[in-house]
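Visitor: Pasting a structure here, questions to come.
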Amino acid sequence: MTLTLGSAAPEFTLNDQFGAPVSLADFKGKKNVVLLFIPFSFTGICTGELCAMRDDLSAFENDDVQLLAVSCDTMFTQKVFAEKEGYTFPVLSDFWPHGAAAKAYGIFDEARGCAIRGTFIIDKEGILRWQVVNAIGDARNIVDYKAALAAL
């Protein structure tokens, strides 16, 4: 299931790698949001995708844009993952209720207990403007995110 472009993005509040709550509403009226769901921390494709974002962070975290990465791993796992890889952006835990945010975005894989690779670009008013959903084993192309952000 995918969400409808032009509709309000589902609200969520999740803890970041430091245990601080982060809500989509925190950015309303302030920043566009790149919401990036990954299946699992510490796995090859997920780490590669987030490292590519880290290495080009100014395109995804600046005065107009906030990057939020999410997986169903615990906050403690997210903390070690972010520290090991040098992620300075929020790495959110969708652990409990397990996968609630991923379910709201229609990308929770019940059989595996994780999110599939979904990326959602949400504008400053909380409206979903772009999305791409890939299978767990299919990496995403960050060039596509830049084009979608440029179109806002």
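Visitor: Please go through (1) in a helix (DSSP H, G or I); (2) surrounded by 17 or more Cβ atoms within 10 Å (Cβ to Cβ) for D73 and return the number of the only condition it doesn't satisfy.
Guide: The failed condition is (1).
Visitor: Moving on. E61 fails exactly one of the following numbered conditions: (1) farther than 18 Å from F27 by Cα; (2) under 15 Å from the mean Cα position of the chain (by Cα); (3) not in a helix (DSSP H, G or I). What is the number of that condition?
Guide: (1)
Visitor: Follow-up question, since we're still on this one. Can you tell which of S41, S23, S58 is surrounded by 14 or more Cβ atoms within 10 Å (Cβ to Cβ) and of a type in the set (S, T, Y)?
Guide: S41
Visitor: Further question: Give I122, I116, I107 a once-over and let me know the one that is out of contact with any Ser or Thr (no Cβ under 8 Å at 6 or more places or on another chain), under 14 Å from L36 (Cβ atoms), surrounded by fewer than 21 Cβ atoms within 10 Å (Cβ to Cβ) and among the β-branched types (V, I, T).
Guide: Just a single option satisfies the conditions, and that option is I116.
A short reminder: the numbers here are calculations on the coordinates, not readings from a lab. On a predicted model such as this, the values are computed, not experimentally measured, just so you know. Ideal geometry is used to build each Cβ from the backbone, glycine not excepted, and the neighbour counts take in all protein chains shown.
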